[in-house]
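Student: Take this structure, written in C-alpha cells, and hold onto it; I'll ask about it next.
The values are calculated or read from the model by the stated rules, or taken from the named source; none is laboratory data. Since we're looking at a predicted model, the values are computed, not measured. Cβ placement follows ideal geometry from the backbone for every residue including glycine, while neighbour counts extend to all protein chains displayed.
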C-alpha cells in the first residue's frame, strides 16, 4: 500500500482510513480488536475516532471507541498507528460539557488521552462548528496543545467553506497552528456539499481531505435492492438510507458502479472508493466496518484503477447529488 502525505505536512498515512464509530456499538471489543489487527496487517495505519463515539447507545456515556482503541494500543507499538480523534460533542453534564471553548477543549483532550492510553494525539479535529465560541479562542487552545506536544496536527470536520477559510485566516494573522485536514461528508451520492466550494479551498490551501460515509451509509455496497429496506445493517433506519432507497437515480448510479465492478472483478464498494481516490484532492476515505469480512471486502479499492470513461460515467450519473 502506497502511503500519502497528510496535506502540506510531512506525516504519511494510508490511502484508506479506518473509521471506528462501530466500536463499542455494533462491534464488541473482541471484534474491534480483530478489525484493527486486520487493518494494520493490511497496511492501514490511519484510525479515526471521536470522544462522543458511541454516546447515542443506551447505557453508553461516550468514549467507548477511544477506550477500545486504547486497550488495543497496549499490544502495539504506538508509532505504528496514526490516531485521529475529535472534540466538540456533549461529554458531561453542565454548560461547559460540550463545545469548542478553551475550557472544554483542555478538559476533553485529557479525557481522550486517558482513554486512548497515549501521551499524544496525531490529529485532533473539531467535530463540527461551535457558533458560540470565537474562532481565535478555539485555535489558540489547539495551538497550545500542539506546543505542549499533546497534539501533533489539527483538523476540522463538517465545516462549510467560508468557516474553513476564515479559520485559516485567523490562524495565519495570529501565527497560530492551522487546520491541515478536513473531514467532510462526501461520496458518489453526496457530492454538492463538498464539491461546490470546499474542494477548491482544500486544493488551493493544500488541506488533506478524509471524507466520511464514502459508501453512503452502506448503499454503495449493493446491499439494498429496489423496493426493499429490510437489510441487516445498523444504518437501515437512517435518513440517508430512507432517501436513497426511494431515489431511482441513486439506483442507476449503483447499477453503473456494479457493472464496472463486474468488469474489474471486485465488490461494488471498491468502485465507489476508487472513484473518490481518483480525485487528487482526496487523501484517505474513512471506511467503517462491523466485521473483519466487511473490512477486507473494501481494502482492495486502493489497487483499482478506473478508466477515464468509467470515471466520467459515474460522475455524470451522480451529478445532482
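Yes or no, residue by residue, for (1) touching a residue at least 60 places away in the same chain (Cβ under 8 Å); (2) more than 19 Å from residue 169 (Cα to Cα):
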{"site": "94", "(1), (2)": "no, yes"}
{"site": "107", "(1), (2)": "no, yes"}
{"site": "113", "(1), (2)": "no, yes"}
{"site": "123", "(1), (2)": "yes, yes"}
{"site": "127", "(1), (2)": "yes, yes"}
{"site": "130", "(1), (2)": "no, no"}
{"site": "139", "(1), (2)": "no, no"}
{"site": "146", "(1), (2)": "no, no"}
{"site": "150", "(1), (2)": "no, yes"}
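Student: Would you mention how many residues in the range 6-42 are touching a residue at least 40 places away in the same chain (Cβ under 8 Å) and part of a strand (DSSP E or B)?
Tutor: 6
Student: Starting from residues that are part of a loop (DSSP other than H, G, I, E, B) and in contact with a helix residue (DSSP H, G or I) (Cβ under 9 Å, 6 or more places away or on another chain), keep the ones in the range 235-246 and report whichever is modelled with the highest pLDDT.
Tutor: That would be 245.
Student: Next up: Just the residues that are out of contact with any helix residue (DSSP H, G or I) (no Cβ under 7 Å at 6 or more places or on another chain), assigned to a helix (DSSP H, G or I) and either touching a residue at least 24 places away in the same chain (Cβ under 8 Å) or closer than 14 Å to residue 214 by Cβ (or both), please, taken from the range 273-301.
Tutor: 276, 294, 299, listed by residue number.
Student: Sticking with this one: Any idea which residue in the range 98-120 is farthest from residue 70 (Cα to Cα), counting only those that are in a loop (DSSP other than H, G, I, E, B) and in contact with a helix residue (DSSP H, G or I) (Cβ under 7 Å, 6 or more places away or on another chain)?
Tutor: If we take residues in the range 98-120 being in a loop (DSSP other than H, G, I, E, B) and in contact with a helix residue (DSSP H, G or I) (Cβ under 7 Å, 6 or more places away or on another chain), then 101 is farthest from residue 70 (Cα to Cα).
Student: Six or more apart or on different chains, Cβ under 6 Å: which pairs go from a residue in the range 61-86 that's part of a loop (DSSP other than H, G, I, E, B) to one that's surrounded by 14 or more Cβ atoms within 10 Å (Cβ to Cβ) and at pLDDT below 95? Could you list them?
Tutor: 62/55
Student: Looking only at the range 159-199, which residues are surrounded by 16 or more Cβ atoms within 10 Å (Cβ to Cβ) and part of a loop (DSSP other than H, G, I, E, B)?
Tutor: Selection gives 159, 176, 177, 178, 184, 186, 188, 189, 191.
Student: Name the residue that is farthest from the chain's Cα centre (by Cα), counting only residues in the range 43-60 that are closer than 19 Å to residue 124 by Cβ and assigned to a loop (DSSP other than H, G, I, E, B).
Tutor: The qualifying residue farthest from the chain's Cα centre (by Cα) is 55.
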